[in-house]
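The values are calculated or read from the model by the stated rules, or taken from the named source; none is laboratory data. No experiment lies behind these values; they were computed from the predicted model shown. For neighbour counting, all protein chains shown are included, and Cβ atoms are generated from backbone atoms with ideal geometry for every residue, glycine included. The protein model used for the area step is the full one, side chains on, heavy atoms only, and it has no ligands, DNA or RNA in it. Shrake-Rupley method; radii C 1.70, N 1.55, O 1.52, S 1.80 Å.
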Amino acid sequence: NADDYLHPNALVPVGELSARNPDWELVFGNTHMVDPNGKILWEKNSAPCTSLKTLVKWWEHASMPHQPSMFFKKTLFDRVGPLNESLHFSIDLELWVRCAIQTQYHHIDQTLSCAVQRSDCKSDGTEVDQIKSHWKVIKPFLGYLTFDQQVDFWGDYYIGRLSGLKGHNHLDPTHFPESDEALNGVVRAIS
């Protein structure tokens, strides 16, 4: 629905890796961000070490995988269930987190898709709504993190929050969960 499309020959490396590694259920690669005429604007290089630990840190979106460059085996999709279509802004994130609980992510360091950047895309100008949605989605999954991962999560959250506040005095407090809720997360992590 966003006019994204596969990069030429994208299925070749996906097929080759799948044939050599039949137990792999999820592979992902990089994405060319293009204008409506197909001109490459920039390349989104996904972090090769994508996992539950990295996915719940949704604020590090520059390193997140991009949906059109992800390939799932049907067995995985059958286990995790369908997309939650009620999640307007976090539909992909929520699916990826459920997948990370079930299987390992495998990165292909190649461009596998092109994502069209349009002026009318739903992510343009809706940052506050996206942030609220992402928090709602990831909170139930924080319990799947180990103790050390939870401490790391909340530490990175507060370091990022303090850095943002220092450099951006206009930062809207609705971008973050209630302070008491976040602090309770830290207390639960270290208890």
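Considering region 119-159 at the alpha-carbon level, its Rg and Dmax are found to be 13.6, 42 Å. For region 14-116, lysine pairs separated by 8 or more sequence positions, or belonging to different chains, with Cα-Cα distances below 25 Å total 6. For region 38-83, the solvent-accessible area with a 1.4 angstrom probe is 55 square angstrom per residue. Placing pseudo-labels 7 Å out from each Cα toward the beta carbon at residue 17 and residue 41 gives an inter-label distance of 2.5 nm. For region 110-156, with all protein chains in place and a probe radius of 1.4 Å, 49% of the accessible heavy-atom surface sits on carbon or sulfur. Taking all protein chains together and a 1.4 Å probe, the residues 105, 158, 144 rank 144, 158, 105 from largest to smallest accessible area. Computed over region 18-96, the P(r) curve from all C-alpha pair distances, binned at 5 Å from the origin, holds 3, 13, 20, 24, 20, 13, 7, 1 percent per bin.
Debye-formula intensities of region 20-167, expressed as log10 I(q)/I(0) at q = 0.20 Å⁻¹, are -1.45 (one equal scatterer per alpha-carbon, no solvent).
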